[in-house]
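Below is one structure, written out as structure tokens; the observations come after it.
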Amino acid sequence: MIAKKHICHLVYGFHVGGLEKIIVNCINQLGDQYQHTIVVLTQAGDLVEELPSSVTVIEMNKKAGNDLSIHWRLFRLLLDLKPDVFHSYNLGTIEYQWVAWLAKVPKRIHAEHGRDTYDPHGKVAKYRYLRQISSLIIHKVVAVSQDLYRWLQCDVGINETKLVLITNGVDVDYFSPYFKKTNLAKFTVGHVAR
């Protein structure tokens with residue numbers, strides 16, 4: 001029997017949101033060929049109930065502001081978990097890639113799902129520099145839109161060989177309409193977004 005690849009996902013919080021829902025959907029679609037651990041820097045919410053029982057969720061209960069103890073606690077946790085892949089999401093988790101690097105996690109991935117409300121145009125130099133310097137020890141940086149990809153490449157300065165574009169998709173089976181033969185002319189679409 002082949003051992004399952006262990007993926008450790010690091011998120012800032014795990015409440016209902018677009019990024020978190022994408023993680024849930026991906027885990028549910030991947031099936032049982034992978035072992036997943038979700039490490040939440042703060043706290044998790046009701047969204048955990050949508051995960052398979054095989055997924056471990058660990059809340060780190062990070063204090064507000066700079067909580068330097070979290071780096072040491074995450075380091076020890078990664079040594080215990082021994083994941084094959086460390087996957088961080090958005091700016092709030094990128095600095096912990098250095099912890100995964102020190103813990104010798106074999107593959108390190110970071111995904112950018114959008115810019116933050118405190119830097120909507122991605123112009124804050126210290127955040128761009130943090131992304132750029134962290135990309136040195138990250139194997140792949142994933143952008144979920146063409147705009148983010150171009151921004152990471154051109155403005156942030158991440159090497160194109162490290163960048164991957166994986167656009168957010170829609171599960172067409174889940175959203176496929178059930179038409180009655182007599183009502184094929186009528187079709188309604190609804191979309192809510194930020």
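The values are calculated or read from the model by the stated rules, or taken from the named source; none is laboratory data. Keep in mind it's a predicted model, so treat the numbers as computed, not measured. Cβ: placed from backbone, ideal geometry, glycine included. Neighbour counts: every protein chain shown. Surface areas here come from the heavy atoms of the whole protein model, side chains and all, with no ligands, DNA or RNA. Shrake-Rupley method; radii C 1.70, N 1.55, O 1.52, S 1.80 Å.
The Stokes-Einstein estimate for the stretch 77-149, based on a Kirkwood radius over Cα pairs and taken at 25 °C with 0.890 mPa s viscosity, is a diffusion coefficient of 192 µm²/s. Expressed as a whole percent, the accessible surface of the chain that belongs to carbon and sulfur atoms is 56, based on a 1.4 Å probe. The stretch 9-71 gives an Rg/Rh value of 0.99, both radii derived from C-alpha positions and Rh following Kirkwood.
When the Debye formula is applied to the Cα atoms of the stretch 22-117, each taken as the same point scatterer, what base-10 log of I(q)/I(0) results at q = 0.16, 0.17, 0.21 Å⁻¹? Computed log10 I(q)/I(0) values: -0.73, -0.83, -1.29. Within the chain, the ratio Rg/Rh, alpha carbon atoms throughout and Rh by Kirkwood, equals 1.01.
All C-alpha pair distances within the stretch 114-165, sorted into 5 Å bins from zero, spread as 5, 22, 34, 27, 12, 1 percent across the bins.
In the chain, helical runs assigned H by DSSP with n ≥ 4 each contribute -39500 (n - 2.57); averaged across all residues and rounded to the nearest 500, the mean residue ellipticity at 222 nm is -7000 deg cm²/dmol.
If the chain linking residue 129 and residue 71 were pulled fully straight, counting 0.36 nm for each residue of separation and taking away their Cα-Cα distance, it would gain 18.9 nm. Normalised size of the stretch 40-86, defined as Cα radius of gyration per 2.2 N^0.38 Å with N residues, equals 1.29.
Protection proxy ranking, highest mean first, for peptides 7-13, 51-57: 7-13, 51-57, where packing is the per-residue count of other beta-carbon atoms within 10 Å, averaged.
What is the dipole size for the chain, taken about its Cα centre, with +1 at each Lys and Arg Cβ and -1 at each Asp and Glu Cβ, in debye to the nearest 20?
340 debye
Distances between placed amide hydrogens fall under 5 Å for residue 9 paired with 37, 38, 39, 87, all partners being 5 or more residues away or on another chain.
Computed with every protein chain present, the accessible area of residue 16 is close to 130 Å² [probe 1.4 Å].
Of the trypsin sites (Lys or Arg not before Pro) found in the stretch 69-148, those that fall in a DSSP loop while having at most 15 other beta-carbon atoms within 10 Å are 104, 123. Annotation for the stretch 1-56 versus the stretch 88-124: alpha-carbon center distance of 17 Å.
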